[in-house]
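Here's the structure, in structure tokens; my notes come after.
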Amino acid sequence: MKFRKDIRTDKQFEKDIAECTAIEQVLMQKYVDWLNSKLKDNNLYFFEDNGVDNSGNLIRDDKKVSTKADFLLKREGKPNRKIEIKFARKDIDSFHLKTYQLEKYILTDTCIVNFTNSDSDTPKFCILTPKTMSDYLKSGERVVFWQKPCVRFSVKDEKLNWVQL
């Protein structure tokens, strides 16, 4: 668990897991609501947990932690999409994603819906497809963040298409 919690105390890590899981649920619903607002029919998108523990309870045994995407985005007649929600609470200039996670998302064909300014009334998001993640792994700026190898993404990068909610 030490690798997962970084330099946080057990108590802080447990609090962060519960809080972030709840925020991710809300943001996924906002994303689905936005998708549904663009539809011209009643065949709506919906989502479900993707075989992971989205309860917000801390899993202390690392062997029981799943690296599956958090959610499955579903719509009748369309293939399911694996979705991972990432977020920054404030409006930021750049964000960082762990290299090993990007590699996992590419292998599992998972998209990241990345929010910024999530604590405000005007959050925005971009969608990182496996191809986008692969491109950034090849040519993105490598940094160490949270004591782990990461790739830095500039919010102003023209390759990222931001949607204001």
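No lab work stands behind these numbers, since they all come straight from the coordinates. Since this is a predicted model, take the numbers as computed values, not measurements. Note that we place each Cβ from the backbone using ideal geometry, even for glycine, and neighbour counts take in every protein chain shown.
Of note:
- Projected label points at Ser139 and Gln164, each 7 Å from Cα along the beta carbon direction, are separated by 2.8 nanometres.
- Peptides 107-120, 81-94 ranked from most to least packed by the mean count of surrounding Cβ atoms within 10 Å: 107-120, 81-94.
- Where labels lie 7 Å past Cα in the beta-carbon direction, separation of Leu39 and Lys90 in nm: 3.8
- Net length available on complete extension from Asp119 to Lys98 is 5.3 nm, with 0.36 nm assigned per residue and the Cα-Cα distance removed.
- Net lengthening on full extension, Lys156/Gln29 (0.36 nm per residue, minus Cα-Cα): 43.2 nm
- Above-threshold pairs, the threshold being 25 Å between Cα atoms, out of Lys82/Lys159; Lys15/Lys159; Lys30/Lys148; Lys40/Lys82: Lys15/Lys159; Lys30/Lys148
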